[in-house]
1. Using just the alpha carbons, could you tell me how many Å³ per residue the convex hull of segment 1-74 encloses?
2. Heavy-atom accessible area per residue, segment 39-114, 1.4 Å probe: how many Å²?
3. Using a 10 angstrom cutoff on alpha carbons, build the Gaussian network for the chain and name the most mobile of 48, 64, 15.
4. Run the quick spin-label model on residue 58 and residue 126: label points 7 Å from Cα toward the beta carbon, then report their separation in nm to one decimal.
5. Mind pulling the per residue volume of the convex hull built on the Cα atoms of the chain? Å³ is fine.
6. Only Cα pairs within less than 10 Å get springs; with that Gaussian network setup on the chain, which residue of 102, 65, 88 has the largest fluctuation?
7. Rounded to whole Å and ordered largest first, report the semi-axes of the equivalent ellipsoid of segment 44-122 derived from its Cα gyration tensor (root of 5λ).
8. Please work out the FRET efficiency for the pair residue 37 and residue 4, using the Cβ-Cβ distance as r and a Förster radius of 35 Å; give the result to the nearest 0.05.
Amino acid sequence: GMTMFEVVTLASIIQREAVRVDEMPLISSVYRNRLVAGKRLEADPTVQYGIGFREGRWWPQITQADYSSAVSPWNTYPNTGLPPGPIANPGLAAINAALAPASSPYIFFRAACDGSGYHNFAITYEEHVANACP
């Protein structure tokens, strides 16, 4: 139900979000679940893209204030739906994940605290908050 442009746009977010290729379909499922439910994607890479070049580099470390102060149509925290276009050049694995997301009930995810590059997934906001690093 997505155009090729929308698939590439979603895949670009998956590409920037996922550290582990094997996790891309699950990350894709979260974004698809959020889109179907009419929720904002709230994808950190879109905040970074909205900021652009800062502190001598692209993809800067973001702060809590950046979620609302990065005023851009690409920032998916204040804006619902997909951004107006891709934020990066997705690879084949990200495109495949956008086309064939895993089936999951998850609505949230955040980086695992163990430095593995994996994420912890949650169905409820309360579970999501509980997944925060100490």
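The values are calculated or read from the model by the stated rules, or taken from the named source; none is laboratory data. For clarity, every value in this text was computed on a predicted model and none was experimentally measured. Here the Cβ positions follow ideal geometry from the backbone for every residue, glycine too, while neighbour counts run over all protein chains shown. With ligands, DNA and RNA removed, areas are computed over all heavy atoms of the protein, side chains included. Shrake-Rupley method; radii C 1.70, N 1.55, O 1.52, S 1.80 Å.
1. Roughly 110 Å³ of hull volume per residue.
2. It amounts to 55 Å² per residue over segment 39-114.
3. Ranking 48, 64, 15 by mean-square fluctuation puts 64 first.
4. According to this spin-label approximation, the distance is 4.2 nm.
5. Residue-normalised Cα hull volume stands at 114 Å³.
6. Top of the fluctuation ranking is 65.
7. In descending order, the three semi-axes are 22, 17, 14 Å.
8. Given R0 = 35 Å and the Cβ-Cβ separation, E is 0.90.
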